[in-house]
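Engineer: First the structure, then my questions, so here it is.
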Amino acid sequence: TWRKAASPYVVTGDIYIGRGKTLTVEPGVTVKFAGHFGLTVGYRGILRAIGTAPERIVFTAMDKEEGWFGIRLINSASDDRLQYCTLEYAKKPRLGGGGVPSLYGGAILCYASWDDDPGYPMDTSPTIDSCLLAHNSACTGGALACLEWSDATVTRNTIVDNSAGYDGAG
């Protein structure tokens, strides 16, 4: 659990939430990525970042030019929830290699992958509600990309000032 009392959290490496693990982020927490690092929720891992209207949760980059790598929900089922969160300055390459997790969904990627544990895809169906996604970029889906076997519930969000190299800045 990331608590408001210990905020801001400075992330200095990639974060992976694996099977049976849950990361809960309390309202009012700020998470600052000190480099091009990301937060991946893997097979049956859970992310619960539930803020409130007056106390949003903020995911941002310390260096807005370099950015951070965004949140990747890969084979993580349907228990993930981002509510009243701000996700800003996530930057993935607009061209080049690295596959789907490296190029798609600047701030948030919802994806079922054959390559990730346990080796077969699983529906990834988070709830993303009342969030602000701004100043993010990627090859496709600058703010958000929901791909194969993802059935995200995306409601009441503000998606502004994002960019993409090819498809779907928003």
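Engineer: I need the strands (runs of 3 or more DSSP E) fully contained in region 74-170, keeping only those with at least 1 residues that are open to solvent by 10 Å² or more (accessible area, probe 1.4 Å) and charged (D, E, K, R).
Structural biologist: 81-83, 85-88, 163-167
Engineer: I'm trying to understand the selection: among the residues of region 33-50, which are outside any strand (DSSP E or B), in contact with a Phe, Trp or Tyr (Cβ under 8 Å, 6 or more places away or on another chain), open to solvent by less than 20 Å² (accessible area, probe 1.4 Å) and over 12 Å from ASP80 (Cβ atoms)?
Structural biologist: Of everything in region 33-50, those that are outside any strand (DSSP E or B), in contact with a Phe, Trp or Tyr (Cβ under 8 Å, 6 or more places away or on another chain), open to solvent by less than 20 Å² (accessible area, probe 1.4 Å) and over 12 Å from ASP80 (Cβ atoms) turn out to be GLY35, GLY38.
Engineer: When residues of region 61-73 are filtered for being farther than 16 Å from LEU109 by Cα, open to solvent by 10 Å² or more (accessible area, probe 1.4 Å) and part of a strand (DSSP E or B), how many remain?
Structural biologist: Looking only at that region, the number is 0.
Engineer: Mind listing whichever residues of region 51-60 are of a type outside the set (Ser, Thr, Tyr) and open to solvent by 30 Å² or more (accessible area, probe 1.4 Å)?
Structural biologist: Filtering region 51-60 down to residues of a type outside the set (Ser, Thr, Tyr) leaves 51, 53-59.
Hits for region 51-60 are ALA53, PRO54, GLU55, ARG56, VAL58.
Engineer: Go through region 94-128 and give me each residue that's in contact with a Leu (Cβ under 6 Å, 6 or more places away or on another chain) and either at pLDDT below 75 or over 18 Å from PHE59 (Cα atoms) (or both).
Structural biologist: Once the filter is applied, which keeps residues that are in contact with a Leu (Cβ under 6 Å, 6 or more places away or on another chain) and either at pLDDT below 75 or over 18 Å from PHE59 (Cα atoms) (or both), region 94-128 yields TYR111, THR124.
Engineer: Another question, then. For region 7-29, name all the residues that are outside any strand (DSSP E or B), surrounded by fewer than 16 Cβ atoms within 10 Å (Cβ to Cβ) and without any contact (Cβ under 8 Å) to a residue 60 or more places away in the chain.
Structural biologist: Within region 7-29, PRO8, THR12, GLY13, ASP14, GLY20, LYS21 meet the criteria.
The values are calculated or read from the model by the stated rules, or taken from the named source; none is laboratory data. Predicted model, so just to flag it, every value in this text is computed and none were measured. Every residue, glycine as well, gets a Cβ built from its backbone with ideal geometry; the counts of neighbours run over all protein chains shown. Please note that ligands, DNA and RNA were not included when accessible areas were found on the heavy atoms of the full protein model with its side chains. Shrake-Rupley method; radii C 1.70, N 1.55, O 1.52, S 1.80 Å.
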